[in-house]
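I have placed the structure first, in the form of structure tokens, so that the comments after it can refer back to it.
Every read-out reported here was derived from the displayed coordinates using simple, explicitly stated rules and does not represent laboratory data. Fair warning: this is a prediction, and the values are worked out from it, not measured in the lab. Neighbour counts run over all protein chains shown; Cβ positions are idealised from the backbone, glycine included.
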Amino acid sequence: MLAADINMLKCAADANCQFHAPYREWLDRQHQRPDAWYITWVIRSATAALLAAVAPAAPARADNLTITIAIDAATGRHAISPLIYGVAFGAPADLTQLGVPLNRSGGNSESMYNWLLNATNLGQDWYFESYPSTSAAPGGDGDTFIRQSKSAGAAPMLTIPMIGWVAKLGPNRAILPSFSVAKYGAQCQVDPYLADAGDGIHTDCSTDIVDNNPDDANQPDTPAAEQAWVKHLVATWGGAAKGGLRHYIMDNEPSIWFSTHRDVHPVGPHATEIRDKVIHTSRAVKAIDSAAKVVAPEEWGWEGYLYSGYDQQYAAQHGYSYYPDRTTEQNGVDYIPWLLKSWKAAGHPVDVLSVHFYPQGGEYSEDTSTAMQLLRNRSTRQLWDPTYVSESWINAVVELIPRLQGWVHDFYYAGTPVAVTEYNWGAENAINGATAQADILGIFGRYGLNMATRWTVPAATTPTYKAMQIYRNYDGRHSAFGDTAITAVVPNPDNLSAFAAIRSSDGAMTVMVINKVLTGATPVTLKLANFAASGTAQVYRLTAANVIARLPNRAWSNGKLGDTEPPQSITLYVLPK
């Protein structure tokens, strides 16, 4: 769980909570790149930003050309998994309002959660400090998370540590630092609220302290110790087959432990280490609950798909000229495919293939410059497009969802569910972030992603929150986008994207039209095939006014519905059967 000093867990899930100052900064520092190659990332990102600034922009007009959206209710049909609408650390009120079916407890601190002490070490995110939760009850944070998730109708997911260490506390549940200033000397920065907790970097602010004792703030952990937590969870909530916890996540972003948790794991893990730890921990979980679903490997992003932690660290230190694990242990095979092949040989220890993905061109920020807004409009293509080259240091075709689906088909068991358990395109307070979020949810449904949990829940006052709501509770009565995808084709999804689905409960067609252009209204024609030729549609629209507005009904005839979309808007059409 997230460290919960001064009710941090509740604070994180409450949009109205005033964050404890250290915790606010901890949130801000999530997902920083590992120190060994952070400078490289900064250079690459700056280059990408310059390229984006000079990239040709979509024409801005007072009135844009008419767009025809070709919709066919008889083609492209497949079920849309409701689990793609998940979040991380959702509070009950938000889970209910957004109709969230899946709630994840994850993040860097989960790697070090000591369920017996109900405490965690925050790692690099906050001065490598072991923090107590408010409650001393064993497993208290996990139980609270499950209870709150279930109360709002969301299925919880919990993270099981595999790193081999968990937090320990001082007398009277006192905070313990991994890099004590008294023990290791002056450091680059110290916790402004705990002067003895340093950042583990010498005063030159470039050289890590490498001789620390991991026992200072942590204690050894084993799969058997984690199995005891599983026993507690099953005893408290029942097994997965009887409504208990169903999804067990195998740690968090293990290939970069050498950065996020370098106080206990300063060397990047070899591919064999992660292979074996997942196997052993999965067996420990399933020995207690055979119906449980194991989720792995939870890798952080692009390099974590292709290279082991050892290779990422080694290559950064040696000019990216050699990758030892890939050459020797993996026989030239990419890291995640190699894991899948190894796990298949071990007898199916993993039930869901999971990764994290954050765009690397600066989109995951509050930057709303024109260049960045246009980049956000384009870069969601990384989730699906075999022709789109990432406009970031990645500089390659990502094609994330088809890539993962291909990997499970080719290297593991065809049909294994695929999950993106962390993602975020930034600009939550802006309509540009909202259109990106709506586009992402549509892409997840169209391309058959099985599960997704956004990091984290936007504030309820933001357009991005409402972009999620328009899919799951657009009218305040929990009416939702359809659950059977159908074909919807547009000429240029960088300017305007559209997604369509049939709702099984009443046979209605739902069409989500996302107008991404920054200026100018866009006339559209919904051209309908294999559906009612005429009727009257309900219309709901989100714009920069930040309200999901119910607009007057709109009639269609001869299989065509015409309308005009404002710039940067999300419009849902509900066409009765």
For the chain, the longest principal axis of the Cα atoms and the Cα long axis of helix 431-446 enclose an angle in degrees, to the nearest 10, of 90
Beta bridges per DSSP with both ends in region 330-468, % antiparallel, nearest 5: 10
In terms of the Cα gyration tensor, with a ≥ b ≥ c the square roots of its eigenvalues, is region 76-235 rounded because a/c is under 1.5, prolate because a/b exceeds b/c, or oblate? prolate
If Asp215, Asp251, Asp367 are placed from fewest to most neighbouring beta carbons inside 10 Å, the sequence is Asp215, Asp367, Asp251
With θ set to phi - 60°, apply the Karplus curve 6.51 cos²θ - 1.76 cosθ + 1.60 along region 304-309 and write out the HN-Hα couplings as whole Hz, x wherever there is a Gly or Pro. x, 7, 9, 10, 5, x
Please give, to one decimal in nm, the separation of the simple spin-label points placed at Tyr322 and Ser369, each 7 Å out from Cα toward the Cβ. 4.0
Quick one: net charge around Leu383, please, counting Lys, Arg +1 and Asp, Glu -1 for every other residue with C-beta under 11 Å from its C-beta. 0
Which label marks the calculated value of Rg and Dmax of the Cα atoms in Å, given the options [x] 25.0, 85; [y] 23.9, 79; [z] 31.1, 115? [y]
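Would you please give the FRET efficiency between Tyr193 and Arg283, computed as 1/(1 + (r/R0)^6) with r the Cβ-Cβ distance and R0 = 51 Å, to the nearest 0.05?
Working: r = 41 Å, r/R0 = 0.81.
E(calc), rounded to 0.05, equals 0.80.
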Within the set of other residues whose C-beta is less than 13 Å from the C-beta of Ala79, count the net charge using Lys and Arg as +1 and Asp and Glu as -1. +2
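Over the chain, calculate the relative contact order: mean separation of alpha carbon pairs under 8 Å at least 6 apart, over the residue count, as a percent. Walk me through the intermediate numbers first.
Details: 1355 pairs, mean separation 97.7, N = 577.
With pairs under 8 Å counted, the relative contact order is 17 percent.
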Excluding residues on the same chain fewer than 8 positions from Lys516, give the lysines whose Cα lies under 29 Å from its Cα. Lys466, Lys527, Lys560, Lys577
For the pairs Lys150/Lys277; Lys168/Lys293; Lys231/Lys341; Lys242/Lys286; Lys168/Lys231, flag any whose C-alpha to C-alpha distance is greater than 19 Å. Lys150/Lys277; Lys168/Lys293; Lys231/Lys341; Lys168/Lys231
How much mean residue ellipticity at 222 nm does the chain get from its helices, if each DSSP H run of length 4 or more adds -39500 (n - 2.57) and you divide by all residues, to the nearest 500 deg cm²/dmol? -8500 deg cm²/dmol
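Need one number for region 167-315: average projected area of the convex hull over its C-alpha atoms, nm². Display every interim value, and only then the final one.
Values: hull surface 44.2 nm².
If I average the Cα hull's projected area over directions, I get 11.1 nm².
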Just for the chain, what percent of DSSP beta bridges are antiparallel, to the closest 5? 65
Taking θ as phi - 60°, what are the ³J(HN,Hα) couplings along region 224-233 by the Karplus curve (6.51, -1.76, 1.60), each to the nearest whole Hz, with x for Gly and Pro? 5, 5, 5, 4, 5, 5, 4, 4, 4, 5
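Among Glu391, Glu363, which comes first, second and so on when ranked by fewest other beta-carbon atoms within 10 Å? Kindly include the intermediate steps, with their values, before the conclusion.
On the way: Glu391 22, Glu363 27.
Ascending number of Cβ neighbours within 10 Å: Glu391, Glu363.
Mind sorting Cys188, Cys205 by how few other Cβ atoms lie within 10 Å of their own Cβ, fewest first? Walk me through the numbers before you get to the answer.
Details: Cys188 16, Cys205 10.
With the fewest neighbours first, Cys188, Cys205 line up as Cys205, Cys188.
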From the phi of every residue in region 151-162, what ³J(HN,Hα) in whole Hz does the Karplus formula 6.51 cos²θ - 1.76 cosθ + 1.60 yield, where θ is phi - 60° and glycine or proline is x? 4, 9, x, 9, 7, x, 10, 10, 9, 9, x, 10
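What is the Rg over Rh value, at two decimals, for region 248-294, using alpha-carbon atoms and the Kirkwood definition of Rh? Spell out each step's value before the answer.
On the way: Rg = 12.3 Å, Rh = 11.6 Å.
Radius of gyration relative to Kirkwood radius: 1.06.
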